[in-house]
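What follows draws every value from the coordinates through simple rules; no lab data is involved. Source: prediction; values computed, not measured. Cβ sites come from the backbone with ideal geometry, for glycine too, and all protein chains shown count toward neighbours.
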Amino acid sequence: MAALGLVCALKAQAQLAPVGPTALIVPMPPPPPVNEIKPHHTGGQIWIPGYWNWNGKTFVWQAGHFDHERRGAVYVPATWIPAGKGWALVPGHWAPT
C-alpha cells in the first residue's frame, strides 16, 4: 500500500494520477475537437473519429481513421470526462450491440 501511495504522489507531481489501468487524470480539459474531413471509403468500413490524447505534457491530436465494421458491435468514440479536479480519457472501444 505504501508503494502505491508513493507512485500516486510521484504521478501527481507530474500533473498525472492513475485512475485505472489505462486512464489518466490531466489537470485541464482538452481543446475542442478538430473538424476532420472523412476521406472516401468502401463498404464494410466505419469511421473512427480522432481525439485529443495526452502525451504527459500536452494534448496531441490523434487523427481519425477507417476500420472494418464488426458484426454485433458498435464503436464508442474516445471521450474526456470530468474526474475529480481534472479530466480523464475514456478510450474508444467496440461494444456489443
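Relative to the present Cα-Cα distance, how much length would full extension add between VAL90 and GLN45 at 0.36 nm per residue of separation?
Working: separation 45, 0.36 × 45 = 16.20 nm, distance 2.28 nm.
Length gained between VAL90 and GLN45: 13.9 nm.
Kindly rank 27-40, 69-82, 45-58 from highest to lowest mean number of other beta carbons found within 10 Å of each residue.
Working: 27-40: 10.3, 69-82: 12.6, 45-58: 14.6.
Sorting 27-40, 69-82, 45-58 by mean packing, highest first, produces 45-58, 69-82, 27-40.
How large, in Å, is segment 23-86 by the Kirkwood hydrodynamic radius built from its alpha-carbon pairs?
Details: mean 1/r = 0.0731 Å⁻¹.
Its Kirkwood hydrodynamic radius stands at 13.7 Å.
Over segment 49-97, what number does the Rg to Rh ratio reach, with both radii from the alpha-carbon atoms and Rh per Kirkwood?
Rg/Rh for segment 49-97 comes to 1.05.
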